[in-house]
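Step one of this worksheet: look at the structure below.
The values are calculated or read from the model by the stated rules, or taken from the named source; none is laboratory data. Every value quoted in this text rests on a predicted model; they were computed, and no experiment measured them. As a convention, Cβ positions derive from the backbone with ideal geometry for all residues, glycine included, and neighbour counts pool all protein chains shown. Accessible surface areas use protein heavy atoms only, side chains included; no ligands, DNA or RNA. Shrake-Rupley method; radii C 1.70, N 1.55, O 1.52, S 1.80 Å.
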Amino acid sequence: MNRVFSGVQPTGDIHIGNYLGAIRNFVKLQDEADCFFCVVDLHAVTVPQDPKILRQKTLEVATLYFAVGIDPQKSTVFVQSAVPAHAELAWMLQCITYFGELGRMTQFKDKSGGKENVSVGLFTYPTLMAADILLYQTDVVPVGQDQKQHLELSRDLAQRFNQRYGETFRVPEPFIGEIGAKVMALDDPAKKMSKSAGNPNNRIDLLDDARTVQKKIARAVTDSGSEVRYAPEDKPGIANLMSIYSSLSGETMVQIEERYQGKGYGNFKGDLTELLNAELGGIQSRYQELQESGKVLQFLEEGAARALAVAERTLNVVKERMGFKYF
Ligand code: TYM
């Protein structure tokens, strides 16, 4: 059975980009693979965080994992900081990662650009991500398009370690869906939808109520035309909304174009709002139930115990290979 690992940072609000690009695929994969899904709180502190809010956001992401349909009986769901092996392996991998490699990471360049005090953690972040993945002997990593470069580094580090110290890690493959892997911002279709964007109209959050969704879709940037046609170059706003529509309805772009022929943007946006609210409504009612049940912490504790056992197994081999094993 394939091993799957993925993670989400508990920073900002989880949006439909995170959902369509990654989290929704987690749910599908849990029936065919041995899955580990992590809330990566150690990654979050690469930029300053208020500890109270970080804790609250960590539990929010965990609750959302369960609310979208990740089953704690089938998948191992846990918080990264509860498994010390992540930080330990990250250090060992940092010592085989080259400065130039990390300097080439586009996410680091974007996040550090123009800032004065950039933490060393933000720079070495992709190595911690490699540690997350390699600790679990992962075969497949479901992520959005923006994580592809980080995944390539994880593969390079696995191969480099295996070459230097002997076969230790499985070399992971990314799993990037065809539709939804790069959901663009509603207020600017040239940028990706992002948790950290200042303007909340950039995105639809999984916990947005129906009225907010309606307003955000109504305000979403389109163009001066009226034709619902999939043309990412000429009509990036409409193309992005069509991708979201297609991800939710399962319809192809051609089917969507036919359905809205001669009908204009208002009609299309109205139906897209309905599709979104139907999907989010279900997630939100399960979220509410989970919050009331008080079971999330228990699921996370059980998940951490399972994750710890698997992670320790790999870490012990790594220690042996590197000359750190005495007893
Ligand atoms: P994060 O928290 O930024 O995003 C979580 C997941 O959502 C995907 N995603 C998107 N997909 C489509 N359209 C978008 N606009 C969009 N924005 C985000 C991301 O690709 C990701 O899959 N470094 C990771 C977290 C991480 C991780 C890992 C992932 C840490 N360790 C190990 C996989 C394996 C991150 O910051 O994701």
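Take the residues in the range 189-200 that are open to solvent by less than 50 Å² (accessible area, probe 1.4 Å) and more than 8 Å from the ligand (Cβ to nearest atom), then tell me which one is modelled with the highest pLDDT.
Pro189
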Tell me which of these Gly7 doesn't satisfy, since it passes every other one: (1) open to solvent by 30 Å² or more (accessible area, probe 1.4 Å); (2) assigned to a helix (DSSP H, G or I); (3) within 14 Å of the ligand (Cβ to nearest atom).
-> (2)
Of the residues in the range 243-273, those that are of a type in the set (D, E, K, R) and surrounded by fewer than 15 Cβ atoms within 10 Å (Cβ to Cβ) come to Glu258, Lys263
Identify, by number, the condition in (1) away from the ligand (no atom under 12 Å from the Cβ); (2) assigned to a loop (DSSP other than H, G, I, E, B) that Gly12 doesn't meet.
-> (1)
Out of Gln149, Gln159, Gln163, Gln145, report the one residue that is within 15 Å of the chain's Cα centre (by Cα), more than 10 Å from the ligand (Cβ to nearest atom) and open to solvent by 40 Å² or more (accessible area, probe 1.4 Å).
-> Gln149
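Residue by residue, here is whether (1) touching a strand residue (DSSP E or B) at 6+ places or on another chain (Cβ under 6 Å); (2) of a type outside the set (Ser, Thr, Tyr) holds:
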position	(1), (2)
Ile14	no, yes
Tyr19	no, no
Phe26	yes, yes
Gln49	no, yes
Val61	yes, yes
Tyr65	yes, no
Hey, does the range 145-165 have a residue that's touching a residue at least 40 places away in the same chain (Cβ under 8 Å), in contact with a helix residue (DSSP H, G or I) (Cβ under 9 Å, 6 or more places away or on another chain) and in a loop (DSSP other than H, G, I, E, B)?
-> no
Please give the number of the condition Arg170 fails out of (1) closer than 20 Å to Lys111 by Cα; (2) open to solvent by 60 Å² or more (accessible area, probe 1.4 Å).
-> (1)
Answer yes or no as to whether Leu207 is in contact (Cβ under 8 Å) with a residue 40 or more places away in the chain, surrounded by 15 or more Cβ atoms within 10 Å (Cβ to Cβ), within 13 Å of the ligand (Cβ to nearest atom) and of a type in the set (A, V, I, L, M).
-> no
